[in-house]
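Asks: Just dropping this structure here.
The values are calculated or read from the model by the stated rules, or taken from the named source; none is laboratory data. Quantities reported herein were computed from a predicted structural model and do not represent experimental measurements. Positions of Cβ are backbone-derived with ideal geometry, glycine not excepted, and every protein chain shown enters the neighbour counts.
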There are 2 protein chains.
Amino acid sequence: MKAVLIVADGMADVPLKELGGKTPLEAAEKPSLNHVAEYGVCGIADIIEPGIPPGSDVAHLVLLGYDVMEVYSGRGALEAIGSLVDVLPNDLVFRCNFATVNDKLMVTDRRAGRIGNADATELARAVEDSLREDPPETGGTLFKSTLEHRAILRLSGPNLSVMVSDTDPHETGVKVLKARPLDDSQEAINTSKILNKLTQQFHKALKDHPINKARVKKGLPPANIVLFRGVGQLPEIEPLALLYDIQPAAIAVSPLVRGVCKTAGMRLLVADGATGTYNTNFLAKAKTAVQALKTYDFVFVHVKATDLAGHDHKPRKKIDIIKNIDALVAHILNHVDLDETIIALTSDHTTSSVKGDHSGEPVPIAILGPNVRRDDVKEFDEISCARGGLNRIKGRDLMPILINLLGKATKAGS
Amino acid sequence: MKAVLIVADGMADVPLKELGGKTPLEAAEKPSLNHVAEYGVCGIADIIEPGIPPGSDVAHLVLLGYDVMEVYSGRGALEAIGSLVDVLPNDLVFRCNFATVNDKLMVTDRRAGRIGNADATELARAVEDSLREDPPETGGTLFKSTLEHRAILRLSGPNLSVMVSDTDPHETGVKVLKARPLDDSQEAINTSKILNKLTQQFHKALKDHPINKARVKKGLPPANIVLFRGVGQLPEIEPLALLYDIQPAAIAVSPLVRGVCKTAGMRLLVADGATGTYNTNFLAKAKTAVQALKTYDFVFVHVKATDLAGHDHKPRKKIDIIKNIDALVAHILNHVDLDETIIALTSDHTTSSVKGDHSGEPVPIAILGPNVRRDDVKEFDEISCARGGLNRIKGRDLMPILINLLGKATKAGS
């Protein structure tokens, strides 16, 4: 028995006036998603607790069966790992944004006009040079530009602590924040000092950089500062293979989700043309999943685009992506042996197209498989699934439910 | 107000091809079980957590309202107590199997051909004699044959620990295992030594025993060794009478379930012809329950046969037993005052007739009673009950729900 878990990031939504009171899932044509719902068992899940909007890092740890309260150690490290940055125990990792500030260090654009990879890579080199010339007093430092405005800062050394506040104000029109120690430890005070020094140092290295001068000439916001946020450390996670006696693989592009999967000990597979954006190659993901099921007994497929549409307040775009996800699921349904394959569908959180952000409503779940207790739900959406045979579960219950269907659950007692 | 809780062991199942995609409960004629569902409130319960298959020991502790993480102390002690072996605090109790080994101590049959009670009792005497002649260096030892190949070993004394591994390899074709200490304590090392010495000593006492010689002559596997497993101690459990202010009685035959009930301070009642097997007298259990409700206000009725049918991959047999359980419930419905009796039905775990073992799906529940919030579920099965008014609860919730219906719940706060 094998299982494939398809997670459409932020696919769950709220009812929208512009869709006549329907959610994008309710409004979309999705015969294959409905097939899974009709012949399987459905339900809804609170990823964390009712009403709590989960971040994508937390949500994916939960969907893979981890106790987030126990293992979560910040997004920075997970995203770094997914961006092929090595993270060792005790390293501190910050998510960084190239951003735009004015002369008074007031933030005018938190993403420097969503600066492209080419400019960002060039500017990152200037930051790296400055670190080589004037390294902070710690064991080692690495700065790496990852995707568009995003970058990673890794600090290594003995005198560091995660107990520091962000320099990113998370809004525009206010000054870059001073990093502050969040406890009385010498380590937290030292880490804050390093961040505040690096903020000045990076600003100096960036503000008159030829790339930024060229950007200003073109009317683009200069990437003249680096904001630090989301500090994290390597999470202590037992690999899925040891927890559940499975051979797991993941098809995901988003650095954060790749980081979670890699940390969970999953083999990361590459689907040609999968980009983690609107224009991803859905069919390539499906084909890679079908191929992977020949070797691995647990295959996780992640689609990011639904979440982007929610953040961009574009429910009709989300409907289009759901149609593509339906084609992805159709391909899998048509190319695996349904007598020995479990197919599970869900979303890692609700992304409300109204507020353009994650929201605390539960997500729909459907599971199709040979020994599944089929209920009478016929459509895969937030409302129909709430009447299903799984009722309302926790996000963390999904993995044990799938492991039980795989016949690999361990008896409690005797 | 009084309550009767009827637990059909392993009655819940998964949809089966040979039953046209139905579970045994869905396929069975069961007008009385359906009556309870139709006029009562229904739901599903995760005995432990979603996806986790419970053992029968753990499941029954849970259904009686105990926090298993807190009170579970191994199956050995519970089974011993149910077999009328006295267990005191700090005693160690092992479940034992009479088994068959070859000259190289390789296990060829873990149950010595499911040896009958007569032969087992005779051989147990030889084991007891050897213990008298050459007792292990500990406070006291008791060996008792219980049912067929099953037996109990009780060790008492100051220098003992549960932190020892089984000698039972739990499979054939491999050698009897050495008991190993599972921590560094002197007690664990000493206990391992005792078990390894007893393994040799019992083997010596058994291998040339006339009973075994006769078995070999008849082509039966000799019971020439004793395997130790499932060590346990007396669980520290507050009696139900004190926890809930009820007078509880239990009608159960299986030694394990009797042990749980006795440990919970329930009066064990005897129903004539109740055997804990396929051929149990269902009506006698019903009559005993009706009689008991005149004296006790909480009566627990256990039926084992449904579980056996699941383990034996015999869903049609399970359907037959469900019909008998239906007759049992019909008798109770017809002979108690429904204005002052709560009738609750459930199963202690799912036993999948496909895999022939416990499985992690939830169990159905139905509760009939004067103040029950009746829902619109009309049939008692795994899928129908999932739509019921109780929704999805935890196994441990059942007892407080019944206690509340009995009007004996204690207010939290004021």
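Asks: Determine if the stretch B:142-153 includes at least one residue that is at pLDDT below 95, crowded, with 24+ Cβ neighbours inside 10 Å and under 14 Å from B:Pro222 (Cα atoms).
Replies: yes
Asks: Continuing with this model, one more query. Quick check, is A:Thr167 of a type in the set (S, T, N, Q), on the phi < 0 side of the Ramachandran plot, modelled with pLDDT of 95 or more and in the same structural domain as A:Leu220 (by TED's automatic domain parsing)?
Replies: yes
Asks: Given the structure, is A:Asn371 free of Cβ contacts under 8 Å to residues at least 12 places away in the same chain and over 24 Å from A:Thr277 (Cα atoms)?
Replies: When the stated conditions are applied, A:Asn371 does not pass them.
Asks: I need a count of the residues in the stretch B:9-25 that are in contact with a His (Cβ under 8 Å, 6 or more places away or on another chain) and within 10 Å of chain A (Cβ to nearest Cβ).
Replies: Selection size over the stretch B:9-25: 1.
Asks: So, in the stretch A:394-414, of the ones that are closer than 19 Å to B:Val68 by Cβ and within 7 Å of chain B (Cβ to nearest Cβ), which residue ends up surrounded by the fewest Cβ atoms within 10 Å (Cβ to Cβ)?
Replies: Among those that are closer than 19 Å to B:Val68 by Cβ and within 7 Å of chain B (Cβ to nearest Cβ), it is A:Lys411.
Asks: For the structure I just gave you, tell me whether B:Lys318 is among the basic types (Lys, Arg) and within 26 Å of the chain's Cα centre (by Cα).
Replies: It is true that B:Lys318 is among the basic types (Lys, Arg) and within 26 Å of the chain's Cα centre (by Cα).
Asks: Output yes when any residue across the stretch A:134-147 is under 28 Å from A:Asp357 (Cα atoms) and part of a loop (DSSP other than H, G, I, E, B), and no when none is.
Replies: yes
Asks: Using beta carbons and a limit of 9 Å, which pairs, at least six apart or on different chains, have the first residue in the stretch A:112-130 and touching a residue at least 40 places away in the same chain (Cβ under 8 Å) and the second one buried (at least 18 other Cβ atoms within 10 Å of the Cβ) and of a type in the set (Asp, Glu)?
Replies: Between residues of the stretch A:112-130 that are touching a residue at least 40 places away in the same chain (Cβ under 8 Å) and residues that are buried (at least 18 other Cβ atoms within 10 Å of the Cβ) and of a type in the set (Asp, Glu), the close pairs are A:Ala112/A:Asp119.
Asks: Would you mention how many residues in the stretch A:285-297 are farther than 11 Å from A:Val253 by Cβ and either among the basic types (Lys, Arg) or in contact with a helix residue (DSSP H, G or I) (Cβ under 7 Å, 6 or more places away or on another chain) (or both)?
Replies: 5
Asks: Out of all the residues in the stretch B:330-345, which are touching a Leu at 6+ places or on another chain (Cβ under 8 Å) and within 14 Å of B:Phe298 (Cα to Cα)?
Replies: Hits for the stretch B:330-345 are B:Val336, B:Thr341, B:Ile342, B:Ile343, B:Ala344, B:Leu345.
Asks: Only helices (runs of 4 or more DSSP H) wholly contained in the stretch B:26-93 count here; list those with 1 or more residues that are at the interface with another protein chain (Cβ under 8 Å from one of its Cβ atoms) and surrounded by fewer than 23 Cβ atoms within 10 Å (Cβ to Cβ).
Replies: B:68-71
Asks: Check off (1) touching a strand residue (DSSP E or B) at 6+ places or on another chain (Cβ under 7 Å); (2) free of Cβ contacts under 8 Å to residues at least 40 places away in the same chain; (3) on the phi < 0 side of the Ramachandran plot for B:Arg154 and give me the number that stays unchecked.
Replies: (2) is the only condition that B:Arg154 fails.
Asks: Right, another one. Could you give every pair whose Cβ atoms fall below 6 Å, whose first residue belongs to the stretch A:179-202 and is under 14 Å from A:Val231 (Cα atoms), and whose second residue is basic (Lys, Arg) and surrounded by fewer than 21 Cβ atoms within 10 Å (Cβ to Cβ), counting only separations of at least 6 or pairs across chains?
Replies: Close Cβ pairs satisfying both conditions: A:Ser192/A:Arg180.
Asks: So, one more: Quick check on this structure: which one of B:Asp245, B:Asp320, B:Asp326, B:Asp312 is touching a residue at least 12 places away in the same chain (Cβ under 8 Å) and farther than 27 Å from B:Arg396 by Cα?
Replies: B:Asp312
Asks: How many of the residues making up the stretch B:328-374 are within 14 Å of chain A (Cβ to nearest Cβ) and either touching a Cys at 6+ places or on another chain (Cβ under 6 Å) or in a strand (DSSP E or B) (or both)?
Replies: The qualifying residues number 9.
Asks: Anything in the stretch A:375-390 that is surrounded by fewer than 23 Cβ atoms within 10 Å (Cβ to Cβ), at the interface with chain B (Cβ under 10 Å from one of its Cβ atoms) and outside any helix (DSSP H, G or I)? List them, or say none.
Replies: Once the filter is applied, which keeps residues that are surrounded by fewer than 23 Cβ atoms within 10 Å (Cβ to Cβ), at the interface with chain B (Cβ under 10 Å from one of its Cβ atoms) and outside any helix (DSSP H, G or I), the stretch A:375-390 yields only A:Asp376.
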